[in-house]
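> Following this message is one structure expressed as structure tokens.
What follows draws every value from the coordinates through simple rules; no lab data is involved. Quick caveat: nothing in here was measured; it's all calculated off a predicted structure. Glycine also receives a Cβ, built like all others from the backbone with ideal geometry; neighbour counts cover every protein chain displayed.
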Amino acid sequence: MHRPNRRDLMKLTGAATLAATFAGPLFAQASGRVVIVGAGFGGASCARTLRRIAPGLNVTLIDRNPTFVTCPFSNKVLGGLAEIGDVTHDFDVLRAAGVEVVIANVDAIEPDTNSLRLADGSDLSYDRLVLSPGIAFKWGALTGYGREAAEIMPHAWQAGPQTELLRRQLVAMEDGGTVIIAPPLNPFRCPPGPYERASLIAHYLKTEKPRSKILILDAKDDFSKQGLFIEGWETLYPGLIEWVPFGMGGGVMAVDPATMTLDTGFETFTGDVVNVIPPQRAADLVFDAGLTGEGEWCSVDGHTFESRVAPGIHILGDAVIAGDMPKSGFSASSQGRACAHVIAALLDGGDAPTLSFVNTCYSLLAPDYGISVAGVYSVDATGAIIGVPDSGGVSPRGADAAFRAREAAYAESWYANLTSDIFA
Amino acid sequence: MTRILSILLLTGAFAATSTAPVSGEDAPAELLAQGCVLCHGTEGRSSGDIPALTGHSAEEITNAMLDFREDRRENTIMGRLAKGLTDSEIDALATLIAQWE
């Protein structure tokens with residue numbers, strides 16, 4: 001029996017927009033192989049969306065790790081409010097949805113054969129390539145902060161063992177100790193992250209080690225959601241958190257893990273627990289392949305999220321300077337879904353659709369005190385990704401406790417819904 | 001690094017297949033709806049305190065979004081998001097979301 005297609009339904013309903021009434025996949029005729037590197041928010045979202053809208057496509061998702069530990073809510077682990085397992089996601093459901101998940105390292109991109117060379121020497125060919133590899137740390141940008149230093153002064157800016165290490169250090173610290181957090185200059189992954197971290201560590205210290213202090217030595221003079229964080233800290237943790245901006249001598253230039261000291265050039269600070277969040281750039285995979293061009297981050301044409309250096313390769317997430325979009329897991333997921341629509345359309349023989357993106361990020365200052373930032377984005381004629389004027393923004397200042405509690409509850413729901421849609 | 005970059009540029013191994021869409025068109029409803037799914041759950045089935053988007057008529061969704069956009073309805077975040085959407089985008093979303101059960 002002839003299966004109804006869009007043309008049949010259009011004759012029946014005369015509907016101008018079919019999508020709402022047609023129950024089948026959007027791009028049923030799309031064929032080919034899509035390879036995606038990076039099974040985080042960007043890559044896994046792209047893969048899951050492709051399977052939903054273009055089931056005829058072969059989708060291969062490559063990651064070096066067998067599970068994905070989210071940076072979002074990893075600060076809850078640091079604060080003793082969650083376990084590492086609560087923020088760890090496996091790929092079983094992605095596999096069940098028809099994504100071929102390959103656990104491997106990628107050695108090189110081979111443009112002349114449209115393939116990737118994996119670390120085991122094998123090649124993986126593709127019709128479209130998506131890279132969502134995340135960040136790399138600029139080791140040595142802070143004198144003394146190399147890979148070995150991270151085992152003593154954890155960054156915990158890639159979630160997993162580093163998160164657990166930092167948590168163990170916090171648990172082992174004596175009451176009355178000092179926790180130092182050193183956030184970097186922009187741009188870096190998750191702009192409000194270091195300040196949510198300070199908040200949730202403060203929540204832990206206030207209860208368990210009340211004589212302790214947190215010192216933030218910042219390379220910057222301002223930070224994301226600053227007014228809201230400062231207001232919250234004064235309410236929740238008065239006297240516990242001290243933020244030293246760059247202009248007041250907060251910029252760390254060198255560290256010495258052996259003595260647990262940080263040197264700003266004016267003063268040396270000693271911490272009992274030291275969390276250095278070092279300067280960052282795009283991950284090695286894209287950096288070494290020349291995809292960051294003359295800079296340290298990838299740039300893309302927002303119409304398709306194809307690299308401006310190498311059209312045909314889509315790049316997503318933290319590795320990209322995506323115009324007005326912040327570097328967040330939510331942004332990466334939004335980009336991954338849009339990219340899936342582009343690729344499905346192209347492999348279906350059509351044109352890329354108009355794209356739209358959203359970012360919504362919650363920060364928890366305490367289990368019942370949440371704040372948020374939101375943004376809606378479109379693409380201008382030059383391919384720049386711009387915030388829609390007169391929309392978006394952060395939570396209001398001066399809101400009452402009930403408002404903050406609602407946003408905290410929404411934060412829990414946000415995390416559950418976001419991760420479930422991708423991984424469950 | 002330089003070798004791969006020059007290969008990419010010289011051989012044009014990646015044909016410039018990016019096709020910019022017709023300007024002025026809205027993003028497709030299914031893509032706009034991804035922005036909702038991310039917080040409200042797969043096909044609007046929410047876990048936790050964020051409201052589910054299932055079981056509403058297109059008119060209810062449209063009215064809610066317009067109320068958020070025009071500051072007629074109390075909210076923590078939806079006003080900021082609704083202000084980023086046009087009438088036609090809200091209309092398309094409402095039609096699609098009304099299908100969610």
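> What is the spin-label model distance, in nm, from A:Asn186 to A:Val171 if the labels are put 7 Å beyond Cα along the C-beta direction?
Using points 7 Å along Cα→Cβ, the separation is 3.7 nm.
> Can you give the Rg to Rh ratio for the range A:149-279, taking only C-alpha atoms and Rh from Kirkwood? Don't jump to the answer; show the numbers that get you there.
Numbers: Rg = 13.5 Å, Rh = 14.6 Å.
Taking Rh as the inverse mean 1/r over Cα pairs, Rg/Rh reads 0.92.
> For A:Gln29 and A:Thr382, what is the calculated FRET efficiency with R₀ set at 25 Å and r taken between the beta-carbons, to the nearest 0.05? Write out the running numbers ahead of the final one.
On the way: r = 31 Å, r/R0 = 1.26.
That gives a FRET efficiency of 0.20.
> Another question, if that's okay. Quick check: the distance between the Cα centres of the range A:217-281 and the range B:82-97, to the nearest angstrom?
Result: 43 Å between the Cα centres.
> At a Förster radius of 35 Å, what calculated FRET efficiency corresponds to the Cβ-Cβ distance of A:Glu294 and A:Asp221, to the nearest 0.05? Kindly include the intermediate steps, with their values, before the conclusion.
On the way: r = 27 Å, r/R0 = 0.77.
The value I calculate is 0.85.
> Percent antiparallel among DSSP beta bridges with both residues in the range A:149-279, to the nearest 5? Present the calculation step by step, with values, prior to reporting the outcome.
Numbers: 6 of 18 bridges.
Taking every DSSP beta bridge within the range A:149-279, about 35 percent pair in antiparallel fashion.
> Here is a follow-up. To the nearest 10 degrees, how steeply does helix A:329-347 sit against the main Cα axis of chain A, on a 0 to 90 scale?
20 degrees
> A further question follows. Projected area of the range A:326-386, taken from the Cα convex hull and averaged over every viewing direction, in nm²? Intermediate values should be presented prior to the final figure.
On the way: hull surface 19.8 nm².
Reported value for the Cα convex hull: 4.9 nm².
> Under a plain spin-label model, where a point goes 7 Å from the Cα along Cα-to-Cβ, how far apart in nm are A:Arg397 and B:Glu25?
Inter-label distance under the simple model: 4.4 nm.
> For a quick size check, give me the Cα extents of the range A:338-424 along its three principal axes, largest first, whole Å.
Principal-axis extents of the range A:338-424 (Cα, largest first): 52, 35, 13 Å.
> Please list, or write none, the aspartates and glutamates whose alpha carbon is within less than 12 Å of the alpha carbon of A:Lys225, excluding same-chain residues fewer than 8 places away.
Within reach: A:Glu196.
> Separate question: When the Karplus curve 6.51 cos²θ - 1.76 cosθ + 1.60 is applied with θ = phi - 60°, which whole-Hz ³J(HN,Hα) does each residue of the range A:244-255 get, with x for Gly and Pro?
10, x, 3, x, 9, x, x, x, 6, 10, 8, 10
> Let me ask something additional. As an exercise, use a Förster radius of 30 Å and the Cβ-Cβ distance of A:Glu234 and A:Ala82 to find the FRET efficiency, rounded to the nearest 0.05. Numbers along the way, then the final one.
On the way: r = 26 Å, r/R0 = 0.85.
With R0 = 30 Å, the Cβ-Cβ based efficiency is 0.70.
> In addition: Just for chain A, what percent of DSSP beta bridges are antiparallel, to the closest 5? Write out the running numbers ahead of the final one.
Working: 36 of 68 bridges.
So the antiparallel bridges in chain A amount to around 55 percent.
> Between the range A:89-133 and the range A:399-414, what is the C-alpha centre distance in whole Å?
Spelled out, the Cα-based centre of one part sits 39 Å from the other.
> Can I ask one more? Show me the ranking of peptides A:182-192, A:397-407, A:56-66 by mean Cβ neighbours inside 10 Å, starting with the highest. Let's see the in-between values first.
Details: A:182-192: 20.8, A:397-407: 14.2, A:56-66: 18.3.
My ranking of the peptides, most packed first, is A:182-192, A:56-66, A:397-407.
> May I pose another question? A:Ala424 to A:Ala119: extension gain in nm, 0.36 nm per residue of separation minus the Cα-Cα distance? Numbers along the way, then the final one.
Working: separation 305, 0.36 × 305 = 109.80 nm, distance 2.90 nm.
Between A:Ala424 and A:Ala119, full extension yields an extra 106.9 nm.
> Okay, moving on. Distance in nm between label sites at A:Asp112 and A:Asp284, each 7 Å beyond Cα in the beta-carbon direction?
Computed distance between label sites A:Asp112 and A:Asp284 equals 2.5 nm.
> Once fully extended, how much extra length lies between A:Ala104 and A:Ile152, figured as 0.36 nm per residue of separation less the alpha-carbon to alpha-carbon distance? Don't skip to the end; give the middle numbers.
Details: separation 48, 0.36 × 48 = 17.28 nm, distance 2.78 nm.
That works out to 14.5 nm of additional length.
> Once you average over the residues of A:346-354, how many Cβ atoms of partner chains fall within 10 Å of each Cβ?
Across A:346-354, the average partner-chain Cβ count within 10 Å equals 4.
> Debye sum, Cα scatterers, the protein assembly as shown, no solvent: what log₁₀ I/I(0) at q = 0.10 1/Å?
Values, matching the q order: -0.80.
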